[in-house]
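Input: a single structure, listed below in structure tokens.
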Amino acid sequence: MPIGCYIRALWVFNSQDSIVFSRKFPLVEHMWRRSCDNQTDSVSYKPLPSDSKLAAAFVELRNREGSARGYGLRLPQSAKGSDSWVDDPITRHIISLPFNGEEEGDNYILWPLVFHTKGSYTVLVLPLVELHHLEAYRRMCNRPDCGGPSSQDENLSSLLLGLPSITGAVAVAVTVGDVVLGDSSEPEIVVSTSTTVGGLLDSLTGGIGISSRTKPVAAPASASTSSGSAVRAAVISDSIKTGSKLVDKDLLTSFIRSALPFGAPLDLSYSNFSAIRATGFSPADIPPVDRKQPAWKPFLYKGKQRILFTIQERVHAALYDRDDIPDRITISGQVNCRAELEGLPDVSLPLIGLKKACADSLSFHSCAQFPEHGDDKQMITFSPPSGNFVLLWYQASCSLGPPVKGFYQLSMVSENEGAFLFKLSLVEGYKSSLSIDFCTITMPFPKRKVVSLEGTPSVGTVSNTDHSVEWRMITNPRSVSGKSIEATFSGTVRFEPWKALKLPPLPRSEFGVMVDEDSDPETDPTGDGVSVEDYTTEKSNRDLQPVALEEPFSWQAYNFAKVSFKITGGSSLSGISVDSKSVNVFPSVKAPVEVSSLVTSGDYILWNTLGRCPVAAS
């Protein structure tokens with residue numbers, strides 16, 4: 001079987017579990033059939049099921065596992081041979097569908113199906129794998145033991161590590177979901193407002209878009225215009241309405257033909273596809289003779305040359321403000337690039353600050369090579385694609401302090417009334433000039449309905465919905481240079497009277513979440529020295545139902561505030577940077593280099609200092 005990533009088929013489901021689009025690749029399916037025919041064991045080739053059979057199996061999976069993803073854990077109701085029987089959370093993202101034949105021995109499973117949701121749509125992608133991988137998964141689905149250690153010879157994690165096709169299938173599923181929902185966007189590049197490049201880019205805020213080329217704004221009316229009108233008419237007539245969204249089958253089919261020729265992922269850049277679809281090629285687009293033009297650069301750039309880098313970092317934090325629990329801050333970063341260079345040059349640069357940032361899990365774009373690696377510096381050489389692209393991804397620690405630090409306290413003064421207090425500091429200790437585009441604090445109450453809110457913050461505005469309170473600390477971009485922003489907010493939130501629903505005690509592992517077995521039972525507030533505050537807090541939280549596994553942090557007395565922000569300018573939080581003076585281009589050209597930074601919030605949580613909170617053991 002050939003090495004690489006090949007896709008046998010893909011399907012798109014709507015919210016009613018109906019297939020609105022499917023595509024099968026006969027060449028890859030022929031490869032799978034030949035592999036099965038060459039197998040002398042009990043494995044026999046089974047053709048891909050029809051869309052109706054696949055949809056029925058998908059609905060049956062949802063009913064059996066509780067959701068399409070399942071729980072990823074072996075539960076009392078788990079059936080032998082199902083995904084949850086494997087007892088591995090990865091089965092929430094890579095699933096299998098069983099099919100029963102008319103005769104005994106005709107039963108088979110379709111695996112591995114990469115599961116991806118985007119909006120109200122679900123995308124299933126079936127990559128080509130080796131037969132022994134499928135046999136190994138079958139054994140894991142029927143073993144009597146529950147999971148196993150990572151050092152065990154046969155477990156799902158080690159099995160998937162040997163399947164590079166899974167990575168390609170995930171990328172295909174994510175891109176198809178973006179195309180279906182019309183939510184595809186390029187990596188963000190932050191450009192100085194004083195910089196002008198002219199043409200198309202001047203009309204785009206922040207310099208985001210497809211690289212400008214010396215191509216006509218409108219195609220000649222002879223062929224392109226008429227064909228474009230015909231295509232648009234065909235799209236409208238052939239689109240399937242699902243809710244309020246039209247699935248553009250023609251657009252999706254064209255993208256798959258371009259990005260996955262014969263089922264092999266080639267170039268999943270939707271921006272490149274859009275540029276080719278919108279403008280096509282002109283006689284001026286002559287490929288170079290001396291070098292082979294890569295698939296990720298369908299157009300050659302012509303115009304003023306420059307190179308732009310943006311170090312984009314996403315901060316994940318759990319801030320407790322407790323002496324016995326340390327705060328946890330991690331950073332997921334990427335280096336976005338836009339190289340507006342004529343021809344097919346190579347670019348080399350040093351990535352510095354790796355040691356200080358404790359950077360690990362570096363992953364590079366397929367156009368990049370990294371010949372040298374040091375403790376604090378990584379040399380990278382790449383042939384840049386068209387438009388904006390991600391040069392590399394990484395995980396790192398935060399060398400500076402958290403962008404938003406402080407504490408959040410919430411205390412129930414009665415069954416239906418809580419008093420809260422925020423005391424926060426933004427960009428404390430940051431020396432360089434930066435801009436805070438926005439900063440919002442949200443207090444979610446998924447199981448209580450907010451009736452009223454009292455309190456005025458020192459900075460910003462406040463609003464509330466039925467199940468949350470939102471504090472907009474900064475609503476318009478605000479420049480900060482060496483000074484922090486201090487803010488406080490105290491107030492009272494009142495809830496609708498809670499109708500307690502008595503439930504039997506939950507076992508520790510039933511929902512895969514922690515149960516506080518040491519919590520005291522309800523106590524008379526007038527005796528034994530128990531305070532009214534402790535009594536009302538326990539009483540108001542004791543009867544709350546656990547929510548779905550998708551939102552485990554809102555279970556019982558776990559209460560928190562979530563922070564959202566965006567910061568541009570300054571230096572990266574991890575300390576990783578690109579030395580603009582050390583960027584070289586071959587063949588040598590005069591091209592200025594700009595380096596910027598962008599910091600956004602991920603799961604940035606302020607846990608209630610006065611409440612209970614989960615802690616991950618190191």
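Which ranges mark the strands (runs of 3 or more DSSP E) fully within region 289-406 that have 1 or more residues being among the acidic types (D, E) and over 30 Å from R277 (Cβ atoms)?
306-319, 360-364
Sort through S564, S596 and tell me the only one that's modelled with pLDDT of 90 or more, open to solvent by 20 Å² or more (accessible area, probe 1.4 Å), in a strand (DSSP E or B) and under 25 Å from F420 (Cα atoms).
After ruling out the rest, the residue left standing is S564.
Could you figure out which of (1) on the phi < 0 side of the Ramachandran plot; (2) at pLDDT 80 or above isn't true of T195?
It is condition (2) that T195 fails.
For region 389-406, state whether one or more residues are more than 18 Å from V578 (Cβ to Cβ), polar (S, T, N, Q) and open to solvent by less than 20 Å² (accessible area, probe 1.4 Å).
Within region 389-406 (the criterion being more than 18 Å from V578 (Cβ to Cβ), polar (S, T, N, Q) and open to solvent by less than 20 Å² (accessible area, probe 1.4 Å)), the answer is no, since none of the residues qualifies.
Quickly run through region 576-593 and pick out the residues that are within 18 Å of S397 (Cβ to Cβ) and open to solvent by 30 Å² or more (accessible area, probe 1.4 Å).
S577
Among the residues of region 599-618, count how many are open to solvent by 40 Å² or more (accessible area, probe 1.4 Å) and part of a loop (DSSP other than H, G, I, E, B).
Filtering region 599-618 down to residues open to solvent by 40 Å² or more (accessible area, probe 1.4 Å) leaves 603, 610, 612, 615-618.
Cutting the leftovers down to part of a loop (DSSP other than H, G, I, E, B) gives us 610, 612, 615-618.
Looking only at that region, the number is 6.
Out of region 18-43, which residues are modelled with pLDDT under 90, surrounded by 12 or more Cβ atoms within 10 Å (Cβ to Cβ) and closer than 20 Å to N100 by Cα?
C36, V43
Can you tell me which residues in region 348-363 are open to solvent by 40 Å² or more (accessible area, probe 1.4 Å) and either in contact with a strand residue (DSSP E or B) (Cβ under 7 Å, 6 or more places away or on another chain) or β-branched (V, I, T) (or both)? Before the answer, list the steps.
To start, the set of residues in region 348-363 that are open to solvent by 40 Å² or more (accessible area, probe 1.4 Å) comprises 352, 355-356, 358, 360-363.
Within region 348-363, I352, C358, D360, S361, L362, S363 qualify.
The values are calculated or read from the model by the stated rules, or taken from the named source; none is laboratory data. Note that the coordinates shown come from a computational prediction; the quantities given were computed from them, not determined experimentally. No Cβ is skipped: glycine too gets one built from the backbone with ideal geometry, and neighbour counts run over all protein chains shown. Side chains included, ligands, DNA and RNA excluded: accessible areas come from the protein's heavy atoms. Shrake-Rupley method; radii C 1.70, N 1.55, O 1.52, S 1.80 Å.
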